[in-house]
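Notes follow the structure.
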Amino acid sequence: MLVFVDTNVWYPVVLADLVLRSVEIGLFDLAWTDESLTEVERVLVERKGLSAANAAVFGAQVRATAPEGRIDPAAYQHLIAAMTGPDPDDHVHAAAARGGSADVLLTGNIADFPAADVGRTCRVMHLGQLFGEFAVTYPIELGRVIAEMAAHRHQPPWCLTTSLTGSTPWAFTPWSTRYVREATTIVDDACRDPCPGLFQRIPVRVCWIVRPPWAISRT
C-alpha cells in the first residue's frame, strides 16, 4: 500500500513518529514530494518554533526512511491546474497523490481532497481511519509500533490510544476503537515472552509520549 501523507499529518511529533515507525516496520510504503516536505519544514519554523536547521532534520529523516518514495514532479505538475478542491494550497498534494498512483492520501482535512481530484483508485483517509484498519488487519504489527513508541517515552503522562480515539481530525472512528484496544491487548500479552532485547514488559494500554531520534531540541 502506497500512502501519500498530507503536511498536516506530520505534526504534532507523535503523529510523525507513528507514521515513520509504521513505514519502517512495513505497514505501508510512504510517498512524498519535495513540495510537501518543504511546506512541513516551513511550518515547523514559522509556527512550531524550530530553527531552520532542526526543521531540516525532519525532512532528512523522511527521505532516509522512504528513499524510494519521492514522486517525480513530472508525474503530477501537469495535473495541478485541473484540481478542484476548496484549498488551492492542497492542489499540488492532490495532484501528487494522483500522479504518483498513491493508494491512500492521508490527511486531517478530508473535505479538501475530492475523489475526482485524487482518482478512483486512491482513498482519502484521516489517520484514525487508516490505523483503525491496521488494528483489524495487522494487530500484531501495529501493536509492535505502539510498544516501540511506549519504550521510548520521554514526557509522561500522554496516552496514545486516548489521543487517537478522541475528537481530533486523526481520531480513530468509533467502530475501530474496539480493535485498537484489542490490538494493544494482544501485544501486551505477547510482551510477556519477548525475544531478548526486542521488548521489555511494556504496559501498552498506557502509551506515553515519545521522543524519537530525530526530534532534537529547539535551538
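The C-beta contact set for the range 109-122 (first residue in contact (Cβ under 8 Å) with a residue 24 or more places away in the chain, second residue open to solvent by 10 Å² or more (accessible area, probe 1.4 Å) and among the aliphatic types (A, V, I, L, M), distance under 7 angstrom, 6+ apart or interchain) comprises PHE113/VAL124; ASP117/MET83; VAL118/VAL124.
If you take the residues of the range 80-99 that are assigned to a helix (DSSP H, G or I) and open to solvent by 40 Å² or more (accessible area, probe 1.4 Å), which of them is nearest to VAL40 (Cα to Cα)? Explain how you work it out, then say what you get.
Filtering the range 80-99 for residues assigned to a helix (DSSP H, G or I) gives 80-82, 88-99.
Keeping just the survivors that are open to solvent by 40 Å² or more (accessible area, probe 1.4 Å) gives 80-82, 88-89, 98.
Details: ILE80: 19, ALA81: 22, ALA82: 24, PRO88: 16, ASP89: 13, ARG98: 20 Å.
Taking the candidates together, the pick is ASP89.
Comparison of ALA16, ALA74, ALA64, ALA102 shows that the only residue that is over 30 Å from ALA147 (Cβ atoms) and either aliphatic (A, V, I, L, M) or in a helix (DSSP H, G or I) (or both) is ALA74. The single residue among GLU46, GLU24 that is open to solvent by 30 Å² or more (accessible area, probe 1.4 Å), more than 28 Å from ILE146 (Cα to Cα), modelled with pLDDT under 95 and among the charged types (D, E, K, R) turns out to be GLU46. Might you check whether a residue that is farther than 25 Å from ARG120 by Cβ, among the β-branched types (Val, Ile, Thr), under 15 Å from the mean Cα position of the chain (by Cα) and assigned to a helix (DSSP H, G or I) occurs anywhere in the range 44-58? No, the range 44-58 has no match at all.
The test for being open to solvent by 20 Å² or more (accessible area, probe 1.4 Å), free of Cβ contacts under 8 Å to residues at least 60 places away in the same chain and over 30 Å from ALA74 (Cβ atoms) does not hold for GLU141.
With the checklist (1) open to solvent by less than 50 Å² (accessible area, probe 1.4 Å); (2) under 12 Å from the mean Cα position of the chain (by Cα) in hand, flag the one item GLU41 doesn't pass. The one condition GLU41 does not meet is (2).
The values are calculated or read from the model by the stated rules, or taken from the named source; none is laboratory data. Small disclaimer: the values here were computed from a predicted structure and weren't measured. Note that we place each Cβ from the backbone using ideal geometry, even for glycine, and neighbour counts take in every protein chain shown. Heads up: the accessible areas ignore ligands, DNA and RNA and are worked out on the full protein's heavy atoms, side chains in. Shrake-Rupley method; radii C 1.70, N 1.55, O 1.52, S 1.80 Å.
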